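*Asks:* Take a look at the following structure, please.
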Amino acid sequence: MTLPMFRLRVDRIEGGRFVWVISEVSPSLEETELASSLNAYESARHALADGAKVLEQQKGL
């Protein structure tokens with residue numbers, strides 16, 4: 001049994017602000033989007049920091 005793998009990335013820029021996306025990566029490297037930010041952030045660093053908090057909360061699912 002393999003453990004689930006997740007990818008957190010800045011997916012796009014909307015109006016000069018950054019949006020994060022969390023995906024689950026299957027063993028065949030296919031990605032399924034699980035969540036994306038409802039807010040846009042002024043820097044990629046802020047977007048990833050907030051996304052990391054959400055990912056940490058979702059790990060128990």
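*Asks:* Quick one: Asn39 ticks every box in (1) part of a strand (DSSP E or B); (2) touching a helix residue (DSSP H, G or I) at 6+ places or on another chain (Cβ under 8 Å); (3) exposed (fewer than 15 other Cβ atoms within 10 Å of the Cβ) bar one, so which box is it?
*Replies:* Exception for Asn39: condition (1).
*Asks:* Another one. Taking interchain pairs and intrachain pairs at least six residues apart, which have beta carbon atoms under 9 angstrom, with the first residue in region 27-40 and closer than 20 Å to Ile13 by Cα and the second open to solvent by 80 Å² or more (accessible area, probe 1.4 Å) and in a loop (DSSP other than H, G, I, E, B)?
*Replies:* Hits for this filter: Leu34/Leu61; Ala40/Gly15.
*Asks:* On to the next question. On the given criteria, is Arg7 surrounded by fewer than 16 Cβ atoms within 10 Å (Cβ to Cβ) and in contact with a strand residue (DSSP E or B) (Cβ under 8 Å, 6 or more places away or on another chain)? Full working, then the answer.
*Replies:* Values: surrounded by fewer than 16 Cβ atoms within 10 Å (Cβ to Cβ): yes; in contact with a strand residue (DSSP E or B) (Cβ under 8 Å, 6 or more places away or on another chain): yes.
Answer is yes for this residue.
This table checks each residue for (1) on the phi > 0 side of the Ramachandran plot; (2) open to solvent by 100 Å² or more (accessible area, probe 1.4 Å); (3) among the charged types (D, E, K, R).
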| site | (1), (2), (3) |
| --- | --- |
| Ile13 | no, yes, no |
| Val21 | no, no, no |
| Leu29 | yes, yes, no |
| Thr32 | no, no, no |
| Gly51 | no, no, no |
| Glu56 | no, yes, yes |
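The values are calculated or read from the model by the stated rules, or taken from the named source; none is laboratory data. As the structure is a prediction and not an experimental result, all values here were calculated from the model. Note: ideal-geometry Cβ built from the backbone for every residue, glycine included; neighbour counts use all protein chains shown. All accessible areas refer to the heavy atoms of the entire protein, side chains included, with ligands and DNA or RNA removed. Shrake-Rupley method; radii C 1.70, N 1.55, O 1.52, S 1.80 Å.
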